[in-house]
Amino acid sequence: MSDCIKIHNIIEHSNVNGPNNRFVIWTQGCSLSCAGCFNPLTHDINGGFDINIFQLAEQISHTSGIRGITLTGGEPLLQANVVGKLLDLIDKKLDVLLFSGYTIDEVMND
């Protein structure tokens, strides 16, 4: 399993991507073509850049004043294994918000 996640962008402090101040990660890559998507620049799987999840977890741990992290995209669940591994590495006091184009039934049945 790879220790890298393909991302489009990171913002260490945002108060518009979920409740309170958050560390936001835009994953790169999406094939869902959801109507009204407002992040089309994140769709190309060949775009963005790779970052090691241990390095990213360290960056999150050194970011003060955040309540949690937000994962958006692109489609974070296209990289579900590495996203899960990243979440295992972060402080459990931080809450997690993940935006997905999949329905809950699709997620639960996959």
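The values are calculated or read from the model by the stated rules, or taken from the named source; none is laboratory data. Here the structure is a predicted model, which means the values were calculated and not measured. When we count neighbours, we look across all protein chains shown, and the Cβ atoms used for this are built from the backbone with ideal geometry, even at glycine. Side chains are part of the model used for accessible areas, which takes the heavy atoms of the whole protein and leaves out ligands, DNA and RNA. Shrake-Rupley method; radii C 1.70, N 1.55, O 1.52, S 1.80 Å.
Observations
- With the helix formula -39500 (n - 2.57) applied to DSSP H stretches of n ≥ 4, the chain reaches a computed 222 nm mean residue ellipticity of -6000 deg cm²/dmol.
- Here the chain carries DSSP beta bridges of which approximately 50% are antiparallel, counting only pairs with both residues inside.
- Apolar share of the accessible surface for the range 46-110: 51 percent from carbon plus sulfur atoms, 1.4 Å probe.
- A crude spin-label estimate for the pair SER2 and ASN81, with each label 7 Å from Cα along the Cβ direction, gives 1.0 nm.
- Between THR63 and ASP91, the simple spin-label model (points 7 angstrom out along Cα→Cβ) gives 1.2 nm.
- When the range 8-110 is reduced to its Cα atoms, the Kirkwood hydrodynamic radius in Å: 14.1 Å
- Accessible area per residue, Å², the range 20-74 with all protein chains present, probe 1.4 Å: 51 Å²
- Among 19-29, 37-47, 82-92, 68-78, the order from most to least packed when residues are scored by Cβ within 10 Å on average: 68-78, 19-29, 82-92, 37-47
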